[in-house]
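Visitor: One structure coming up, written as structure tokens, with questions to follow.
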Amino acid sequence: MKLFGKLHMLVLFIFLCLIIGAGFFIYKDIYVNFSKQASFREMQLDEQEATIRAIKSNIPAVVNITVYTNEEVANINAVTGEKTMEKRRVEKGAGTGFIITPKGYIVTNKHVVSTSDPENTQYRIILNSGKKYYAQLIDKDPINDLAVLKIFDKDLPSVKLGSSQYLQVGTSVIAIGNALGEYQNTVTKGIISGLERSLTASDHKGGVKYLSNTIQTDAEINLGNSGGPLLNLKGEVVGVNVAVDQNGTSLGFAIPINDVKPVINSIKKHGIIIRPQLGVRYVMLTPQIAEERGVERNWGAFIVKGDKGEEAIVPGSAGDKAGLETGDVIFEINAIKIKDENNLRCVIQRYKPGDKIGMKIQRGSKIFIREVELGRF
């Protein structure tokens, strides 16, 4: 009987251990799941708070730009039929910009401020606070779709510039803009959905621009958002909203802020936008283009005349002085291969006017090196 009692107690003890062990694992599972849910909720709240902070810190520096020209408009007297002409202010477009210094320099897109009569154009600026200004056009970028305006005041709100060098697909971003030219400081949010995109963009004025190395985002960019900032969750500007592909949905594009910084630095230092210039017209080679044109190398910048017979090399330019010829292929600059995202224009823009660069060039089957001193636009 004593043995039976001991066995009974041992079985009972093992049973209790199993129950306690099972309870522990059930508790652990519940605790882990609860912790995961709590952490997820905390992450959601953290991102929401970061989004709100980023918007609040930048929206005072985001401006509404309205473009006007004074045009002669015919008035006809309904009684006499007499026709008279008078000048009226006509709205030509609207867009967005953002203040980059407390002194009132504003970055926007070139296509926002461009008109057929620049000398007769006015730029009206409205801040989020409701303050209104007339702006002066400082300069337009001859390379990117960028322009700089200035309003004359002091201690103005300004944005914080970030870096676009290490952006990754999936990063959360925020776009702020004057949607449709009507809804000032509309905010949309999404992610970076692509990098180093190249596209040909056209505006409502019929202008066409080739854009390279752009950021693709699914944050909605509407008509009127052009020139507005693309922000990260730290509240830093990482891009300038520039275009949308209307053939799809949520296909917006922005110029990386690191491509904008040379413009900003040039304005601060020289008061105008200075860009380096090689002075050649080219197409980037692919295996298909190389085969079609009978070129031995299937990558690089192939120097060609324009579709309407425009000169392949600008007379007197750096390329002309270096002895470049139509049909040459520039395939390397300072050990940087001219292919994929490193197209010729992007690589040249890493330098300053007056810088000397070494180029590897293929002419037929011959390869040689030229040193070139870059000119300026």
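Each value in this text was obtained by applying a stated rule to the coordinates, not by laboratory testing. The shown structure was predicted, so the numbers you read here are calculated from the model rather than taken from an experiment. Backbone-built Cβ (ideal geometry, glycine too); neighbour counts: all protein chains shown.
Visitor: Arrange the peptides 146-156, 54-64 so that the one whose residues have, on average, the most other Cβ atoms within 10 Å appears first.
Guide: 54-64, 146-156
Visitor: Nearest 500 deg cm²/dmol is fine: what mean residue ellipticity at 222 nm does the chain get from its DSSP H runs of n ≥ 4 alone, each adding -39,500 (n - 2.57), divided by its residue count? The partial results should precede the final answer.
Guide: Numbers: 6 runs with 91 residues, N = 377.
That calculation yields -8000 deg cm²/dmol at 222 nm.
Visitor: Return a whole-number percent for the relative contact order of the range 276-376, with Cα pairs under 8 Å and 6 or more residues apart as the contact set.
Guide: Answer for the range 276-376 is 30 percent.
Visitor: Show me 213-222, 317-326, 70-79 ranked by packing, highest mean number of other Cβ atoms within 10 Å first.
Guide: Packing proxy ranking, top to bottom: 213-222, 317-326, 70-79.
Visitor: Continuing with this model, one more query. Which FRET efficiency value, to the nearest 0.05, is calculated for Asp355 and Ile138 with the Förster distance at 25 angstrom and r the Cβ-Cβ distance?
Guide: On the way: r = 24 Å, r/R0 = 0.97.
That gives a FRET efficiency of 0.55.
Visitor: I would also like to ask the following. Using the structure shown, select from Lys209/Lys308; Lys92/Lys150; Lys56/Lys92; Lys160/Lys189 the pairs with a Cα to Cα distance greater than 25 angstrom.
Guide: Violating the 25 Å limit, Cα to Cα: Lys56/Lys92.
Visitor: Same structure, new question: Longer than 18 Å from Cα to Cα, which of Lys339/Lys360; Lys87/Lys131; Lys131/Lys269 are they? Say none if no pair is. Working shown, then result.
Guide: Numbers: Lys339/Lys360 13 Å; Lys87/Lys131 26 Å; Lys131/Lys269 28 Å.
Distance filter (> 18 Å) returns Lys87/Lys131; Lys131/Lys269.
Visitor: Express the relative contact order of the chain as a whole percentage, based on alpha carbon pairs under 8 Å and six or more residues apart in sequence.
Guide: Taking the mean separation of contacting Cα pairs over the length of the chain, I get 12 percent.
Visitor: Computed FRET efficiency, Cβ-Cβ of Ile272 and Glu71, R0 30 Å: what is it to the nearest 0.05?
Guide: 0.60
Visitor: Lys189: net charge of surrounding residues, Cβ under 11 Å, Lys/Arg +1, Asp/Glu -1, itself excluded?
Guide: Net charge in that neighbourhood comes out at -3.
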